[in-house]
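What follows draws every value from the coordinates through simple rules; no lab data is involved. All values derive from a computational prediction rather than experimental measurement. Cβ coordinates were reconstructed from backbone atoms using ideal geometry, including for glycine residues, and neighbour counts include every protein chain displayed.
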Amino acid sequence: MKTEDWKEKLMDYLYDEMDEQEKIAFELELAKNATLREELQNLQGTRNIAGRWEDETISAPPFFQVHKNESNKTQPGGLKWFMAIAASILLLIVAAKFSELQISNSGGAFKIAFGKEISNDKTLAASEVDSLISSALAGYEEKLQKQRKEDFQSYLAASKNDNRKIITDYLTALETSNAAMMQAYWKESTQQQEVYLKTLLSDFAAYMEQQRENDMDYLIAKMELMESDKDLFKLETGQIINSLANNNTQETAY
Amino acid sequence: MYAVQQEISSNLVEMAQSGDGHAQGKLVQQWYPRIYNYAYKYFGDGDLAKEAAQQTFIAMHANILKLKDREKFKPWLYTIASNMCRQESRRGKRQRWLSFDQLLPKKEEDGSPNWEISSPHFSNPEKTYLQNELGAIVKKCIQKLSTDQREVLIMKEYEGLKFREIAEILKISENTVKSRLYYAFSHMKKLLDKENINKSTVEYED
């Protein structure tokens, strides 16, 4: 067996946590196993050295020292509960006295009342209570239906008049706005046509004036041309006459 | 060193459960040093140990009515402490805070309240020095163990809990507890050998 296989036993022996029989058996093994003996000595040596690290001397910090008077605040649980229940019951009794609470348990019926004496004589049978409830419910339903019908009719009448007034108002407003819109349109259109015609006429007059001026310029130019042509013709005619006159004179001299 | 077993008064627990603040205070006074030392050995840091110990007793105060078997107060309290240490350790990994004690220079005339740490006194100054040196090396080696091994080692070696109680606290089998403790010691031996600390060194110092 290897030394490691003995490690649990070694630890038990080292810290003396073996029973007598185990201890005897282990010591027998130690006597014949030198390696195990050496291992144990090593462990004891290491343990001896490790034990040289002393504890630090310290005491608890002051804020952990709780004073004794705090314990007086707590009482045994039983007494506390008893006192709490007794106080609750007393409170209920006082409240019942002020609210004139009456409790009865007769004829198999448990009843609680506030401010009125409980009377067991004027009790109604279950069928009577049912019929009373049924008739009350039927009456209530009938009344409710009648009320609903009246409400609906009055609502219809009111809404009819209102609708008619709304439609009339709407049509009137529409008609008025259409008329205003058409008037505005025609007025605008007439003004635009008038402006257009005025512009057209003035443009035409200007055109005619311009045309007349152009024609006049043309006539004047033509007349001036004709006049210059006439002067030239006159000059040429004079020259021809002069030349003819000269020719006649020379012929006479020969 | 063997941890001093605290005498549990089930009567005190019963009184605390009935809302007796004085009894709760007595329980805290009785158990605070043990829980603080468990947390201190777990973290190797006084501030974290104080935080975990305080959280443990706040949880104890809030949940003491849930403890059905009063005889199991001790493993119940160590279960809370173990959970608080793991929780604080996880938080510590996320947020590494520096305390003012680490940041501010320490004054010579430090008027610490009497409930704060005070070092153990020895008559022989040389012995005190050697003891402190050895303690510091052991502390360093224990911090290098895995969480599982460290928890078991502290609970058994320093808090003196039974294997059955440790198994109950950690919700594992007794054999697993013993196995973890065995490997914790094996690992410790290797770490101490690296620091040249062995049986003969300790005997020489004595």
*asked:* I need to check one value: relative contact order of chain A, counting alpha carbon pairs closer than 8 Å and at least 6 residues apart, in percent.
replied: 6
_Cα-based equivalent ellipsoid of segment B:1-96: semi-axis lengths in Å, sorted from largest, via gyration tensor_ = 24, 15, 11
*asked:* Using only the Cα atoms of segment A:84-225, what are the Rg and Dmax in Å?
replied: 50.7, 153
*Would you calculate the separation in nanometres between label points at B:LYS139 and A:LYS234, each defined as 7 Å from the Cα along the Cα-to-beta-carbon direction?*
15.3
*Alpha carbon centroid spacing (whole Å) that separates segment B:151-194 from segment A:120-166*: 90
_Over 25 Å between Cα atoms: which of B:LYS156/B:LYS199; B:LYS72/B:LYS189; B:LYS26/B:LYS144; B:LYS41/B:LYS72; B:LYS140/B:LYS199 fall into that group?_
B:LYS72/B:LYS189; B:LYS26/B:LYS144
_Within-12-Å neighbourhood charge of A:GLU194 [Cβ basis; K, R +1; D, E -1]_ = +1
_I need the trypsin sites (Lys or Arg not before Pro) found in segment B:158-192, filtered to DSSP loop residues with at most 14 other beta carbons within 10 Å of theirs._
B:LYS171
*In segment A:3-47, what is the volume of the convex hull around the alpha carbon atoms, normalised per residue and reported in Å³?*
62
*Hey, could you pull the Cα Rg and Dmax for chain A, both in Å?*
71.7, 205
*Sort out the exposed loop GluC sites (Glu not before Pro) in chain A (DSSP loop, at most 12 other Cβ within 10 Å) and tell me the longest stretch that has none.*
A:118-254
*If one takes the longest principal axis of the Cα atoms in chain A, at what angle in degrees, from 0 to 90 and to the nearest 10, does the Cα axis of helix A:20-32 lie?*
80
*asked:* Counting only other residues whose beta carbon sits under 12 Å from that of A:ILE220, what net charge do I get with K and R as +1, D and E as -1?
replied: -4
